[in-house]
1. Rounded to the nearest percent, how much of the accessible area of segment 240-301 (1.4 Å probe, protein heavy atoms only) is carbon and sulfur?
2. Ordering D214, D121 by how much accessible area each has at a 1.4 Å probe, largest first, what is the list?
3. Measuring from label point to label point, each 7 Å out along Cα→Cβ, what is the R290 to L333 span in nm?
4. Which whole-percent values make up P(r) of the chain when all C-alpha to C-alpha distances are grouped in 10 Å steps starting at zero?
5. Could you report the chain's accessible area per residue, 1.4 Å probe, as an integer in Å²?
6. What is the spin-label model distance, in nm, from A114 to R193 if the labels are put 7 Å beyond Cα along the C-beta direction?
7. Tell me which lysines have Cα within less than 23 Å of K284's Cα, excluding those fewer than 8 residues away on the same chain?
8. Taking each pair of distinct Cα atoms in segment 123-249 once, what is the resulting Kirkwood hydrodynamic radius in Å?
Amino acid sequence: MTSDAEIRVSVSPGEVRVAGLQHGRLEAAFIERVAQPDGVGDLHLARVTAILPAMSGAFLIFGNDQTGFLPESELPPPRRAIGKALHEGQILAVRISRAAQGGKGPRLTARLTAEDLALADAGTNRLPRLLRRGPNAAVRLARLWPDATITTDGPEWAARLRVALGAGRVNLRLAGAFDAELEAAFDSLADARVALEGGASLLIHPTPALTAMDVDSGSLAGSRDTAAHAALNQAATEAVARQIRLRNLAGAILVDFAGLPIRKREALVAPLESALASDPLGAKLLGMTRLGLMEIVRPRIHPPLHEILGLPPSPLTLGLAAMRQALREVTALQGAAFALVAAPEIIQAIEASPEAAEAYRNQAGRPLVLRADACLRPGQEQIMRVEA
């Protein structure tokens, strides 16, 4: 990682957004919801509730009655069958290794460090409980990019990051960690369409089973210029790899390139492999199907952005974005009070997130007035100045 790398941490009501920039370009993006942490890296004492030899694993309960799955392969050595290694009711130290997905609980591991085990053995309370939170996205990215400076607009976050990473790396910028260009780049990650050069675009369609990515040739549609189509698709390989990384797409990913017969798509295998080579999670190109689709597989650890934001954006995502806008208005007009007028589902999502409302009050010095308007649709939120 070069000295041109920079990490920016934007702290706003209900969420923290982390941007990794290289040479001024967004190359890593994370969004963490305060009320909905994914838990990856958290260390727990958990109770074994069911042993399932047929599944080569066991279910454990931890935290607030959460259930996770511990595979037999994640037991510490020596290697033993799950039924011989564990028994129901046993209290065990585990760490969350993969976030929950599709109604399934998180994946657990009992392969712990000496520090983890020492913490788990300390004290006499052997009830299921959280022992330690895992590293947040800002810390994870800072460790991956050891030469990057970190800039945040959250005073409390600046203090925490300085403890974790050293005071010399962390800067506090109260005026805002994200500029307008970076805000726009983050907003684009909630859009299913990514603009490419020459009027082409990349369409991204997550489903429960896989993510489909389709290159739309735009003005080249219907053209028989195979050289132009080949150039377009060559350029699109970089966009595919970048969007996989930025959106943290995981699992099975199928890519349909544009306008080339299947026999000519083989030429895209090498450039796509090259584009994926620097992926931090080790995304792999498995090859091309008989239909000419590129098959990619990428490990899932943290949830992809579309599960956090919604695609299209969820009422909570729209509500938190409106609260950020209201805070910018407060900064511009010191002492002013504001109301958010929005569709009822937007208001309900904010009311169901009291920690976001409290964070807004703390930053603005007064609460944000919430007004539901059934005539408005999601995406039509209005920020209005009101009498203090």
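1. Details: 1530 of 2760 Å².
After summing per-atom areas, the C and S share lands at 56 percent.
2. Values: D214 50, D121 110 Å².
If we order D214, D121 from most to least accessible, we get D121, D214.
3. The modelled label-to-label distance comes out at 6.5 nm.
4. 4, 19, 26, 26, 18, 7, 1, 0
5. Values: 19440 Å² over 388 residues.
Ligands and nucleic acids excluded, the result is 50 Å² per residue.
6. 5.8 nm
7. Counting by Cα, and skipping residues close in sequence, K284 has these lysines nearby: K264.
8. On the way: mean 1/r = 0.0540 Å⁻¹.
Hydrodynamic radius (Kirkwood, Cα only) of segment 123-249 equals 18.5 Å.
The values are calculated or read from the model by the stated rules, or taken from the named source; none is laboratory data. Computed from a predicted structure; not experimentally measured. Note that each Cβ is placed from the backbone with ideal geometry, even for glycine, and that neighbours are counted across all protein chains shown. What goes into the accessible areas is simple: the full protein's heavy atoms, side chains included, and nothing from ligands, DNA or RNA. Shrake-Rupley method; radii C 1.70, N 1.55, O 1.52, S 1.80 Å.
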